[in-house]
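The values are calculated or read from the model by the stated rules, or taken from the named source; none is laboratory data. On a predicted model such as this, the values are computed, not experimentally measured, just so you know. Don't worry about glycine lacking a Cβ; one is built from the backbone with ideal geometry, like all the others, and counts go over all protein chains shown.
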Amino acid sequence: MTNITIIGAGNMGQAIAGIAAAGGNSVQILTRDAEKSATVSAGTASGVIGDVITGDIVVLALPYGAVSLVLESYAGQLDGKVLVDLTNPVDFSTFDSLVVPADSSAAAEIAAAVPGASVLKAFNTNFAATLATGTVGREKTTVLIAGDDTDAKASLAAVVTAGGLKAVDAGSLKRARELEALGFVQLTLAAGEKTSWTSGFALAD
């Protein structure tokens with residue numbers, strides 16, 4: 001059993017909590033306010049941001065713009081953790097670009113801010129609906145995982161597969177830039193009603 005903390009209780013946070021719980025893992029969800037904390041899934045520990053993190057794997061289920069404040073609130077407490085970034089750093093005012101430098105990524109920015117953590121990029125190419133159902137069309141939902149720590153990637157992949165989904169090693173953390181570009185395209189297609197929020201990209205066997 002793995003202890004997992006999810007920061008954020010939106011659709012993505014709740015979907016990932018469901019995957020982790022289905023695999024028999026211990027789940028803690030931390031939210032920005034106590035009222036939201038009271039709505040998390042039964043059987044899941046809940047609290048507010050600032051509470052002690054109990055998980056060895058910490059998932060940032062937040063908008064990119066909210067990440068820096070959370071990292072500041074846990075300064076020095078994330079060392080040794082596996083820190084999972086699922087953000088897509090889209091400029092939501094224009095929906096026409098990413099807000100990180102062209103030679104960087106949100107995951108790289110987070111890794112620079114928390115050098116003591118093993119940062120992974122994952123879940124950003126999945127919509128919450130496909131995580132919750134475990135399927136994209138006729139295919140099993142695949143979670144792409146990028147990072148420089150092989151053991152950290154294996155730990156997250158084990159959580160994903162135990163929860164009934166597929167996990168694929170997408171390479172080093174440098175690949176986060178390409179994953180974020182893919183996530184950006186997926187978001188713009190859905191926002192433009194070219195696809196639905198229940199669809200997504202799938203990998204067929």
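Listed values, structure above:
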{"quantity": "Tabulated pairs, segment 99-111, first touching a residue at least 40 places away in the same chain (Cβ under 8 Å) and closer than 15 Å to Gly171 by Cα, second among the acidic types (Asp, Glu) and surrounded by fewer than 20 Cβ atoms within 10 Å (Cβ to Cβ), C-beta under 9 angstrom, 6+ apart or interchain", "calculated": "Ser105/Glu178"}
{"quantity": "Residue under evaluation Thr195, criteria (1) part of a loop (DSSP other than H, G, I, E, B); (2) under 22 Å from Ala102 (Cα atoms), criterion not met", "calculated": "(2)"}
{"quantity": "Selection from segment 160-169 of residues that are closer than 16 Å to Gly134 by Cβ and in a strand (DSSP E or B)", "calculated": "Lys166, Ala167, Val168"}
{"quantity": "Residue in segment 38-49 that is within 29 Å of Asp148 (Cβ to Cβ) and modelled with pLDDT under 95 present", "calculated": "yes"}
{"quantity": "Test: residue in segment 156-174 that is farther than 20 Å from Ile53 by Cα, modelled with pLDDT of 95 or more, touching a helix residue (DSSP H, G or I) at 6+ places or on another chain (Cβ under 7 Å) and among the β-branched types (Val, Ile, Thr)", "calculated": "yes"}
{"quantity": "Residue count for segment 122-159, restricted to those that are in a helix (DSSP H, G or I) and closer than 21 Å to Trp197 by Cβ", "calculated": "6"}
{"quantity": "Options Thr188, Thr125, Thr150, Thr198: the member that is among the hydroxyl-bearing types (Ser, Thr, Tyr) and under 15 Å from the mean Cα position of the chain (by Cα)", "calculated": "Thr125"}
{"quantity": "Residues of segment 175-200 satisfying the condition of being of a type outside the set (Ser, Thr, Tyr), in contact (Cβ under 8 Å) with a residue 24 or more places away in the chain and surrounded by fewer than 20 Cβ atoms within 10 Å (Cβ to Cβ)", "calculated": "Arg175, Ala181, Leu182, Leu187, Ala190, Ala191, Trp197"}
{"quantity": "Within segment 1-113, strands (runs of 3 or more DSSP E) holding 1 or more residues that are within 19 Å of the chain's Cα centre (by Cα) and of a type in the set (D, E, K, R)", "calculated": "82-85"}
{"quantity": "Residue within segment 74-84 that is touching an Asp or Glu at 6+ places or on another chain (Cβ under 8 Å) and crowded, with 21+ Cβ neighbours inside 10 Å present", "calculated": "yes"}
{"quantity": "Qualifying residue in segment 113-129 (condition: touching a residue at least 24 places away in the same chain (Cβ under 8 Å), more than 21 Å from Ala15 (Cα to Cα), in contact with a strand residue (DSSP E or B) (Cβ under 8 Å, 6 or more places away or on another chain) and not polar (S, T, N, Q))", "calculated": "yes"}
